[in-house]
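Trainee: Structure below; questions to follow.
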Amino acid sequence: MKDGSGAFSQATGRSLEDTSGANQVRYRAFQFELIEPHCGESVLEVGAGLGEFASQFAGLRRHVVTDVDADAVAAMAQRFADRPEVEALRFDLTEGAIDIGEPVSSVVAINVLEHIEDDAEALRTLASLVGPGGRIVLFVPGYQQLYGEFDRLVGHVRRYTPETLEAAIVAAGLTPQLVKPVNLLGGIAWWATVRRGGVGRPNPKLVRIYDKTVVPVTRFLEKRWVPPFGQSVLAVAVVPTR
């Protein structure tokens with residue numbers, strides 16, 4: 001449908017009423033720790049869902065949160081109604097750029113690019129919304145060896161390696177500043193439960209246990225060490241100054 005109804009559920013395996021995302025407080029903090037240092041004073045977040053990651057930002061001059069699902073956008077508008085710097089808009093990246101007014105200094109796209117066939121074109125669209133020298137921060141599922149039933153159900157076209165993500169960034173005319181795998185222990189757990197175990201939907205109980213026990217170890221280790229493999233790949237792409 002044109003308003004993207006149902007897109008949030010299709011992409012996440014969760015309904016709009018599903019609050020299980022609240023069970024991943026430590027994991028979201030881990031993501032934020034990796035992503036926030038690369039963001040400027042104005043941020044466009046693509047595929048923001050219900051705003052669970054976005055809620056961690058503070059002190060931004062401007063924060064545009066978007067999703068393809070109009071119902072998710074409405075939920076975010078309500079969630080951030082008391083935050084004057086936050087604006088909620090519907091944005092389908094496959095349909096081209098939207099009018100956000102002044103370009104932002106940074107874009108954040110978490111688990112978005114893997115849903116799009118022409119990822120380089122999607123990156124060019126995002127770059128058109130960023131000021132010269134700004135950054136696009138990407139967080140995507142890692143490694144095709146981990147592709148399982150859940151990936152298929154939620155519409156993942158691919159999982160990335162650092163090399164394939166960097167290739168998409170370069171093809172889009174952007175400069176890769178950082179590309180690395182993250183969350184080694186999560187990758188092992190994903191392989192065991194999804195790839196080998198055939199799990200097609202997240203188990204809230206297992207998610208809570210993982211968030212409480214595995215994520216703190218991951219954060220400790222990966223502050224000191226870049227793993228050779230991970231559940232996800234993190235990248236920072238710089239928009240040309242000309």
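Trainee: DSSP beta bridges in segment 51-151, what fraction antiparallel, as a percent rounded to 5?
Mentor: 0 percent
Trainee: Would you calculate, for the chain, the mean residue ellipticity at 222 nm contributed by helices, counting each DSSP H stretch of 4 or more residues as -39,500 (n - 2.57) and dividing by all residues, to the nearest 500?
Mentor: My calculation for the chain gives -9000 deg cm²/dmol from helical runs alone.
Trainee: Can you check what the net charge comes to around V107, using other residues whose Cβ is under 13 Å from the Cβ of V107 (Lys, Arg +1; Asp, Glu -1)?
Mentor: Local charge sum for V107: +2.
Trainee: What is the sum of charges around R159, taking Lys and Arg as +1, Asp and Glu as -1, for the other residues whose C-beta is under 10 Å from the C-beta of R159?
Mentor: Charge balance near R159 sits at -1.
Trainee: Tell me the Rg and the Dmax, in Å, that the Cα atoms of the chain produce.
Mentor: 16.8, 49
Trainee: Extending each Cα 7 Å along its Cβ direction at E117 and R83, get the distance between those two points in nm, one decimal.
Mentor: 3.5 nm
Trainee: Then there is this: Taking amide H positions as placed 1.01 Å from N in the peptide plane, with prolines and chain starts having none, which residues 5 or more places from G134, or on another chain, fall under 5 Å of its amide H?
Mentor: V239
Trainee: OK, next. Could you tell me how many cubic angstrom of Cα convex hull volume segment 105-242 has per residue?
Mentor: Here the figure is 108 Å³ per residue.
Trainee: Test of understanding: what is the full-extension gain from A58 to K223, defined as 0.36 nm times their sequence separation minus their Cα-Cα distance?
Mentor: 57.2 nm
Trainee: Below 8 Å between Cα atoms, with a sequence gap of 6+, how large is the relative contact order for the chain in percent?
Mentor: Result for the chain is 22 percent.
Trainee: Under the 0.36 nm per residue contour assumption, what length would be gained going from the current alpha-carbon distance of E163 and A70 to full extension?
Mentor: 30.1 nm
Trainee: With charges only on Cβ, +1 for K and R and -1 for D and E, what is the dipole size of the chain about its Cα centre, in debye, rounded to 20?
Mentor: Here the size comes out at about 1020 debye.
Computed from the coordinates by the stated procedures, all read-outs in this text should not be read as laboratory data. Since the structure is predicted, the reported quantities are computational estimates derived from the model, not experimental observations. Using ideal geometry, Cβ is built from the backbone for each residue, glycine included, and neighbour counts are taken over all protein chains shown.
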